[in-house]
Every structure is written in structure tokens, then in C-alpha cells.
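Asker: Next up is a structure, given as C-alpha cells.
The values are calculated or read from the model by the stated rules, or taken from the named source; none is laboratory data. This is a predicted model, so every value here is computed, not measured. A quick note on method: Cβ atoms are made from the backbone with ideal geometry, for glycine too, and the neighbour counts reach across all protein chains shown.
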Amino acid sequence: MFCRKAAPQSRRWPTIVSVAAVVTVLLVMVSIMPTYAPSAYAVAPGGSTGVSGRLGMDKCAASTVSTMQTWWSSSPFWEVGIYIGGANRACTNGNLSASWVSQVYDQGWSFMPLWVGPQAPCSSFGTKISTNTQTAATQGTNDANAAVSAANALGLTKGTIIYYDLEGYDTSNSGCHNSVNAFLNAWVARMRVSGNKAGIYDSSCASDATSWVFLGNIPNDVWLAAWDNRATVLGIQCVDDGFWNQHQCIHQYKSGHNETWGGVTLTILSDCAEGLVSGRAYDDGNPNNC
């Protein structure tokens, strides 16, 4: 059985406070509060970032708000991966907007934001990281700036976690490997300067994720793809259990497949989100399993 998700609880005034007193307080507050322009969204996650500890799913393009509501009510998933931009983002993500983020957040979802920028110079992707490590570092800084701007435009403001989507490459190519890590090091550094949390996504084996531990700027979290169908962050291939073991890891444990919930079928990848997400934290206290 799956645990059902409870709707957010409303806050109520203590019963000992009289209605007249409440009205008086509110009138005083209104009289002294400055006037602000209305927000672009009713309730957005802002910079809130916390540990999930629950099941998540990600897909190339954001589903409609209606579909997200159906899946929130019927599925076992609590977190959704969203591709917020980058030169190599594969989907246009026409549904994704500040309004979408606000509405889906109100449903109860939290987010795993992904930025798909340039890839390893020895990869087959169109836009690549430079083979010059200094230029690669500049690219990492620039992409971090762009990712922060894109996140802000969606309502995912200062403080949020953003994962850099790095696809697998030939890590035995030392020049390629050095350029990639120069890029990632600068990405993490700039994220921190911006007041955000920095994450990296990749295959657990095809990226030498262990080498990220030795960067000058170590990512806060990692999101590792290892399709072993185990909803745990222990025993992930090619990565020691001693790394990122304090609620710092998301394990993408199942490759693309169809699931149907509430009569709606989506093609998704499944995640054990035992790490930072943007929005509400649902940490169950268990640092290993979802």
C-alpha cells in the first residue's frame, strides 16, 4: 500500500482570541504595511529547499496542470523533475511557466529542477564544453547565471536547488574529463555565490561521479542514474556509499516506462528522491530508502 498524501493544513486563530480583537489587529497591520505589486503567482515555492525522502518521477516535458492533479491524487509520487532550460534541452516544455509551477506546487508537488547545458567535448551532443579548461570554467559560470535566471522566472527563487544535467561521456579521455570537471567546479561555485544550492545529474558510472568529491567546489547533492529498479540510495553502482550520504542523493532507479494512475498514462523515469528538492520537504527521517 502507498501512503496517501494529506492536503496542506490551514492555520486557524486560537479560539480564545475574540473576533473584535482580530479585526483590530488586522486593521492596524493594513495601515502600516507598504504597498506591493501583486505577485505573478499566488503561492510559489520561492527559494525553499528541503530533503524529500519520497518517490519522484521525471519526464521530458511538463504535463498539464490537470494531469498533475490527477497524478498527485492517485500516484505514489511526491516530486517531479522539470527541465528548466539549457542549450541541450530536448523538449520545448510549452506547459512550463511560473503559473504552472504555482498551481502544481499548490497541489502538493515539489520540484527537481534540471538544466541541460553544454556537454562533454568528447560527447556527441551539439553544444559542447570547451576543451580549454579556462574557457570551460567561464562556460560553467555563464550557464549557472542563466539557470538561476530561468529558475527565478519560474518562481524558483534564491536558495533553490538546481541540478546540472550532464550526460555520459568517455571519462578515460583525460583532456575531456578535465574540461568537464572545470565546468562543473565553476557551475557549483557560481550557484553558491548566487545563494542557490548546486546539484549534478548523470549516470553513476558514465561520468566518474566520484571525481566530483575532489572538486574545489563540491556539489551539495547528486542525482545519479543507475537503472537497477531499487528505490534506495545505497549500493548505487560506481559510487561509494560514503559519499553524499546525508540526505544528498537522488537515485534515478528506473528507466523510461509507462505508468497509469487515475486513468492517465505517462512515460516517466522513477526516482528515489533522498536529497534536496525545491518546495516542500517531506523527509521521513530515513536517510537511505524512499
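Asker: What are the residues in segment 108-126 that are modelled with pLDDT of 95 or more and over 14 Å from the mean Cα position of the chain (by Cα), if any?
Answerer: Correct list: Gly117, Pro118, Gln119, Ala120, Pro121, Cys122.
Asker: Same structure, new question: Looking at Tyr105, is it assigned to a strand (DSSP E or B), of a type outside the set (A, V, I, L, M), touching a residue at least 24 places away in the same chain (Cβ under 8 Å) and under 25 Å from Glu274 (Cα atoms)? Write out each step before concluding.
Answerer: Details: assigned to a strand (DSSP E or B): no; of a type outside the set (A, V, I, L, M): yes; touching a residue at least 24 places away in the same chain (Cβ under 8 Å): yes; under 25 Å from Glu274 (Cα atoms): yes.
No; evaluated as a whole, the condition is false for this residue.
Asker: Which numbered condition in (1) among the β-branched types (Val, Ile, Thr); (2) closer than 24 Å to Gly263 by Cα; (3) part of a loop (DSSP other than H, G, I, E, B) is the only one that Thr92 fails?
Answerer: Single failed check for Thr92: (2).
Asker: Next question, about the same structure. I'd like to check which strands (runs of 3 or more DSSP E) are fully inside segment 186-271 and have at least 2 residues that are within 19 Å of Phe77 (Cα to Cα).
Answerer: Working: elements: 197-203, 221-225, 249-261.
Result: 221-225, 249-261.
Asker: Still on this model: Hey, among Gly81, Gly85, Gly56, Gly140, which residue is small (Gly, Ala, Ser), modelled with pLDDT of 95 or more and more than 30 Å from Asn289 (Cα to Cα)?
Answerer: Numbers: Gly81 fails: more than 30 Å from Asn289 (Cα to Cα); Gly85 fails: more than 30 Å from Asn289 (Cα to Cα); Gly56 fails: more than 30 Å from Asn289 (Cα to Cα).
Of the residues listed, the single one that is small (Gly, Ala, Ser), modelled with pLDDT of 95 or more and more than 30 Å from Asn289 (Cα to Cα) is Gly140.
Asker: Would you check if there is a residue in segment 154-174 being in contact (Cβ under 8 Å) with a residue 12 or more places away in the chain, of a type in the set (Lys, Arg) and assigned to a helix (DSSP H, G or I)?
Answerer: In the first step, residues of segment 154-174 are kept if they are in contact (Cβ under 8 Å) with a residue 12 or more places away in the chain; the result is 154-171, 173.
Now drop any that are not of a type in the set (Lys, Arg), which leaves 158.
Next cut, assigned to a helix (DSSP H, G or I) only: none.
No, that holds for no residue.
Asker: Inspect all residues belonging to segment 200-207 and state whether any of them is closer than 20 Å to Ile250 by Cβ, in contact (Cβ under 8 Å) with a residue 40 or more places away in the chain and of a type outside the set (Val, Ile, Thr).
Answerer: At the first step, the residues of segment 200-207 found to be closer than 20 Å to Ile250 by Cβ are 200-207.
Now restrict to residues that are in contact (Cβ under 8 Å) with a residue 40 or more places away in the chain: 201, 207.
Retained after the next criterion (residues that are of a type outside the set (Val, Ile, Thr)): 201, 207.
Looking for residues that are closer than 20 Å to Ile250 by Cβ, in contact (Cβ under 8 Å) with a residue 40 or more places away in the chain and of a type outside the set (Val, Ile, Thr), one finds at least one in segment 200-207, hence yes.
Asker: Please verify whether Leu215 is out of contact with any Ser or Thr (no Cβ under 6 Å at 6 or more places or on another chain), surrounded by fewer than 17 Cβ atoms within 10 Å (Cβ to Cβ) and without any contact (Cβ under 8 Å) to a residue 60 or more places away in the chain, treating the condition exactly as stated. It would help to see each step written out before you state the result.
Answerer: Values: out of contact with any Ser or Thr (no Cβ under 6 Å at 6 or more places or on another chain): yes; surrounded by fewer than 17 Cβ atoms within 10 Å (Cβ to Cβ): no; without any contact (Cβ under 8 Å) to a residue 60 or more places away in the chain: yes.
Taking the combined requirement at face value, the residue does not satisfy it.
Asker: Quick one: would you say Ala144 is more than 23 Å from Gly56 (Cα to Cα), buried (at least 21 other Cβ atoms within 10 Å of the Cβ) and more than 13 Å from the chain's Cα centre (by Cα)?
Answerer: Values: more than 23 Å from Gly56 (Cα to Cα): yes; buried (at least 21 other Cβ atoms within 10 Å of the Cβ): yes; more than 13 Å from the chain's Cα centre (by Cα): yes.
Spelling it out, Ala144 is indeed more than 23 Å from Gly56 (Cα to Cα), buried (at least 21 other Cβ atoms within 10 Å of the Cβ) and more than 13 Å from the chain's Cα centre (by Cα).
Asker: Given the criteria assigned to a helix (DSSP H, G or I), in contact (Cβ under 8 Å) with a residue 24 or more places away in the chain and over 23 Å from Ile268 (Cα atoms), does Ala151 qualify?
Answerer: Working: assigned to a helix (DSSP H, G or I): yes; in contact (Cβ under 8 Å) with a residue 24 or more places away in the chain: yes; over 23 Å from Ile268 (Cα atoms): no.
The answer is no for Ala151.
Asker: What number of residues within segment 166-194 satisfy the criterion of being touching a Ser or Thr at 6+ places or on another chain (Cβ under 8 Å) and small (Gly, Ala, Ser)?
Answerer: The number of residues fulfilling the criteria is 6.
Asker: Sort through Ala209, Ala231 and tell me the only one that's more than 17 Å from the chain's Cα centre (by Cα), buried (at least 23 other Cβ atoms within 10 Å of the Cβ), hydrophobic (A, V, I, L, M, F, W, C) and at pLDDT below 95. Walk me through it before giving the result.
Answerer: Values: Ala231 fails: buried (at least 23 other Cβ atoms within 10 Å of the Cβ).
Step by step, each of Ala209, Ala231 is checked, and only Ala209 is more than 17 Å from the chain's Cα centre (by Cα), buried (at least 23 other Cβ atoms within 10 Å of the Cβ), hydrophobic (A, V, I, L, M, F, W, C) and at pLDDT below 95.
This table checks each residue for (1) at pLDDT below 95; (2) of a type in the set (Ser, Thr, Tyr); (3) touching a Phe, Trp or Tyr at 6+ places or on another chain (Cβ under 8 Å).
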{"site": "Asn152", "(1), (2), (3)": "yes, no, no"}
{"site": "Gly155", "(1), (2), (3)": "yes, no, yes"}
{"site": "Phe183", "(1), (2), (3)": "no, no, no"}
{"site": "Trp187", "(1), (2), (3)": "no, no, yes"}
{"site": "Lys197", "(1), (2), (3)": "yes, no, no"}
{"site": "Ile200", "(1), (2), (3)": "no, no, yes"}
{"site": "Trp227", "(1), (2), (3)": "no, no, yes"}
{"site": "Gly235", "(1), (2), (3)": "yes, no, no"}
{"site": "Asp241", "(1), (2), (3)": "yes, no, no"}
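Asker: Select from segment 61-76 the residues that are of a type outside the set (A, V, I, L, M) and without any contact (Cβ under 8 Å) to a residue 40 or more places away in the chain and list them in ascending order. It would help to see each step written out before you state the result.
Answerer: Keep residues of segment 61-76 that are of a type outside the set (A, V, I, L, M), which gives 63-64, 66-67, 69-76.
Listed by number, the residues that qualify are Thr64, Ser66, Gln69.
Asker: Another question about this same structure. I'm told Ala137 meets every condition in (1) small (Gly, Ala, Ser); (2) closer than 20 Å to Ala206 by Cβ; (3) not in a loop (DSSP other than H, G, I, E, B) except one. Can you identify the failing condition by its number?
Answerer: Condition (2) is where Ala137 drops out.
Asker: Would you point out the residue of segment 66-106, among those that are surrounded by fewer than 16 Cβ atoms within 10 Å (Cβ to Cβ) and in contact with a Phe, Trp or Tyr (Cβ under 7 Å, 6 or more places away or on another chain), that is nearest to Leu266 (Cα to Cα)?
Answerer: Ser74
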